[in-house]
Amino acid sequence: MAATRALVRGVRLGSYSIGRSRSLIFNSVQRRGIAACVDPSIGLTDEQKEFQKVAFDFAANEMAPHMAEWDQKEMFPVEAMRKAAQLGFGGIYVNPDVGGSGLSRLDTSIIFEALSTGCVSTTAYISIHNMCAWMIDTFGNNEQREKFCPDLCSMQKFASYCLTEPGSGSDAASLLTSAKLQGDHYILNGTKAFISGGGDTDVYVVMCRTGGKGPKGISCLVVEKGTPGLSFGKKEKKVGWNSQPTRAVIFEDCAVPVTNLLGAEGEGFNIAMKGLNGGRINIASCSLGAAHASVLLARDHMCVRKQFGETLSNSQFLQFKLAEMATKLVASRLLVRQAAVALQEGRPDAVSLCSMAKLFVTDECFSVSVYTLILLKSLVTNPCCLCHPCPIFRCQNYCFLPSIKLSGGRGAAFCSLCHE
Amino acid sequence: MSARVLVGVKRVIDYAVKIRVKPDHTGVVTDGVKHSMNPFCEIAVEEAVKLKEKKLVKEVVAVSCGPQQVQETIRTALAMGADRGIHVEVSGKDYETLGPLQVSKILAALAKKEQADLIILGKQAIDDDCNQTGQMTAALLDWPQGTFASEVNIEADKLKVVREVDGGLETIKIKLPAVVTADLRLNTPRYATLPNIMKAKKKKIANVKPADLGVDVSSRLEVLKVDEPPQRQGGVKVETVNDLVRKLKEAGRI
């Protein structure tokens with residue numbers, strides 16, 4: 001309660017300037033996350049605050065202004081992502097000797113959280129790209145690392161993670177894409193479904209079956225675009241999240257050199273799951289950023305919008321609701337950061353924390369963003385406010401967090417938790 | 001050229017924060033409020049780093065005056081490309097009353113100590129809007145000054161500065177050593193890259209006290225009261241021109 005009062009009162013003093021400079025406020029709130037109790041830089045080291053500042057600035061200047069356009073025109077923002085890579089965002093937790101930034105999981109989580117205040121779907125793709133680059137860096141031999149990682153870290157080439165199939169989602173270990181050894185090539189046959197970036201990316205990290213049934217028969221192969229036998233399905237029509245294309249990836253007698261095998265045969269499932277642990281933290285971090293921006297949008301809107309002769313910020317119910325949203329945000333953030341620390345320290349509870357973070361955070365942040373959309377719906381119906389497209393589209397983008405709820409394996413996360 | 005550049009950076013309340021006046025009207029609330037580098041200082045750092053990249057200067061030194069927290073601001077400058085930092089420790093009451101005159105005395109003393117050839121500052125800080133430090137520093141050192149710079153070029157031992165003035169753009173040529181203050185259109189500050197932020201950790205920040213530089217930081221000014229600007233009052237609609245003139249006369253405006 002006191003927290004909300006502090007949030008609201010601090011803004012009311014400046015409210016005389018809000019009418020004049022609405023667009024300034026809507027753009028600037030995204031920038032540094034100003035609001036004491038939900039400040040994402042609390043508890044960070046100076047260095048982490050610097051990383052966060054760069055990411056916030058980049059998100060506000062390079063991503064947020066174009067987010068609506070990317071979504072509407074279904075553009076894969078290659079140039080913006082390459083600019084991000086120049087700052088070191090292409091391989092955040094990849095080793096510096098192959099072009100990565102060599103940062104920790106917690107640093108990575110902070111960075112994605114800040115970046116996603118600019119555009120959630122692009123940041124989610126960047127996190128998938130980072131996950132693939134890390135998998136090659138960690139499990140590949142030196143030739144593979146030197147062949148693929150530098151281009152991935154600079155985003156000269158983009159990567160996709162291929163695990164899900166039409167017949168195996170939560171039950172990933174039952175995947176059917178086969179890879180038969182013939183001479184010095186594996187011949188791949190099968191289909192992968194709903195692959196983020198599929199068709200527009202250059203490097204595919206594919207989990208396929210080289211051995212018998214179950215997880216021990218799965219291996220991890222790197223397939224390059226242009227390999228004969230590799231083709232793509234039609235681009236899936238999505239509601240929101242259109243800045244990354246989603247397509248099926250099809251293998252028809254696709255010959256992949258054995259030198260592209262990551263690790264040994266049978267290690268593929270292990271590699272995939274290890275990649276996903278980080279992937280879950282990253283996706284959870286993306287939804288944190290979205291929720292953060294939503295909370296700030298909601299707060300500012302409440303101070304401006306008048307109904308029944310008063311601003312919304314005078315309504316006790318809405319004040320409570322805002323406090324709830326802020327609480328969900330901070331609780332989610334704490335869980336994600338704990339999970340990141342557990343992962344980077346190699347603690348035994350790391351896997352379950354990552355799964356819990358993904359489940360909890362995406363659900364909580366989804367409800368935060370839906371509530372913000374409900375609050376802001378006055379902006380949708382009021383025609384003169386449509387000339388400020390930014391906040392509405394931002395909100396819509398955030399609300400398509402169901403995609404976040406789905407990516408990274410919700411069911412699989414449940415499964416791994418049940419096994420604990 | 002083996003020049004050394006001194007860049008002054010100030011830690012101010014972030015521009016996006018809503019400012020609140022303290023209940024006792026002695027100042028604004030700064031505790032727990034987000035601070036960052038003054039935007040004009042960012043532009044100054046960027047210009048210095050650009051000059052270093054063009055190999056026109058040898059070393060860029062970032063300076064800031066204040067308590068422990070200003071080290072964050074110096075680190076940001078280091079992450080943008082400055083080579084080392086100097087933290088002039090001023091805290092408590094002295095920091096609250098620290099103004100352009102004291103800072104310019106400190107900068108002048110440092111410029112002599114470090115044998116700087118060029119001082120680049122932001123044109124003004126967004127908290128006090130003084131627009132005095134650059135000018136005072138130049139006066140104390142008896143150096144020429146190029147203020148409100150929108151373009152800076154080094155030609156041999158002279159500096160060509162394009163200044164943004166009320167009448168338009170003025171181009172001047174001044175001899176080095178000199179003081180330049182950066183205006184908005186001088187450049188666009190770069191993003192620090194992740195590798196640079198990590199390298200900045202290893203760069204040195206020296207600690208200095210004003211007394212070591214022989215500077216007295218006591219202020220000759222006393223802030224009596226700080227208030228919010230008055231709330232905007234609604235206007236009044238009038239029917240005829242005569243009414244308008246009458247109302248303006250009543251209000252003492254004409």
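Values quoted throughout were computed directly from the atomic coordinates according to the rules given, and no laboratory measurement underlies them. Computed from a predicted model, the values in this text were never measured in an experiment. Neighbour counts run over all protein chains shown; Cβ positions are idealised from the backbone, glycine included.
Out of B:Thr181, B:Thr188, one residue alone is touching a residue at least 12 places away in the same chain (Cβ under 8 Å), within 14 Å of chain A (Cβ to nearest Cβ) and either of a type in the set (A, V, I, L, M) or closer than 30 Å to B:Pro100 by Cβ (or both). It is B:Thr188. Does A:Ile92 qualify as being within 13 Å of chain B (Cβ to nearest Cβ), over 18 Å from A:Tyr161 (Cβ atoms), crowded, with 23+ Cβ neighbours inside 10 Å and of a type in the set (Val, Ile, Thr)? No; evaluated as a whole, the condition is false for this residue. Among the residues making up region A:145-171, none is polar (S, T, N, Q), within 22 Å of B:Pro195 (Cα to Cα) and buried (at least 19 other Cβ atoms within 10 Å of the Cβ). For region A:57-73, the set of residues classified as out of contact with any Pro (no Cβ under 8 Å at 6 or more places or on another chain) and away from chain B (no Cβ under 14 Å) consists of A:Pro65, A:Met67, A:Glu69, A:Asp71, A:Gln72, A:Lys73, listed by residue number.
Please go through region B:10-31 and give me each residue that is within 19 Å of A:Val54 (Cα to Cα) and either out of contact with any strand residue (DSSP E or B) (no Cβ under 9 Å at 6 or more places or on another chain) or within 14 Å of another protein chain (Cβ to nearest Cβ) (or both), ordered by number.
Those that are within 19 Å of A:Val54 (Cα to Cα) and either out of contact with any strand residue (DSSP E or B) (no Cβ under 9 Å at 6 or more places or on another chain) or within 14 Å of another protein chain (Cβ to nearest Cβ) (or both): B:Arg11, B:Val12, B:Ile13, B:Asp14, B:Tyr15, B:Ala16, B:Val17.
Scoring B:Ala211 on the criteria (1) under 30 Å from A:Gly100 (Cβ atoms); (2) in a helix (DSSP H, G or I) leaves a single failure, condition (1).
If you go through region A:258-276 and keep only what is farther than 20 Å from A:Gly214 by Cβ and either surrounded by 18 or more Cβ atoms within 10 Å (Cβ to Cβ) or touching a helix residue (DSSP H, G or I) at 6+ places or on another chain (Cβ under 9 Å) (or both), you end up with A:Thr259, A:Asn260. Scan region B:184-230 for residues that are acidic (Asp, Glu) and touching a Gly at 6+ places or on another chain (Cβ under 9 Å) and the total you get is 0. Condition check for B:Val161 on (1) within 14 Å of chain A (Cβ to nearest Cβ); (2) aliphatic (A, V, I, L, M); (3) over 30 Å from A:Val94 (Cβ atoms); (4) buried (at least 17 other Cβ atoms within 10 Å of the Cβ): one failure, at (1). Among the residues of region B:112-132, is there at least one that is surrounded by 20 or more Cβ atoms within 10 Å (Cβ to Cβ), free of Cβ contacts under 8 Å to residues at least 60 places away in the same chain and in a helix (DSSP H, G or I)? No, region B:112-132 contains no residue that is surrounded by 20 or more Cβ atoms within 10 Å (Cβ to Cβ), free of Cβ contacts under 8 Å to residues at least 60 places away in the same chain and in a helix (DSSP H, G or I). State whether the residues of region A:233-250 include one that is among the basic types (Lys, Arg), touching a Phe, Trp or Tyr at 6+ places or on another chain (Cβ under 8 Å), touching a residue at least 40 places away in the same chain (Cβ under 8 Å) and more than 30 Å from A:Ala68 (Cα to Cα). No: zero hits.
Only one entry of B:Lys34, B:Lys105 meets the criterion of being basic (Lys, Arg), within 12 Å of another protein chain (Cβ to nearest Cβ) and touching a helix residue (DSSP H, G or I) at 6+ places or on another chain (Cβ under 7 Å), and that entry is B:Lys34.
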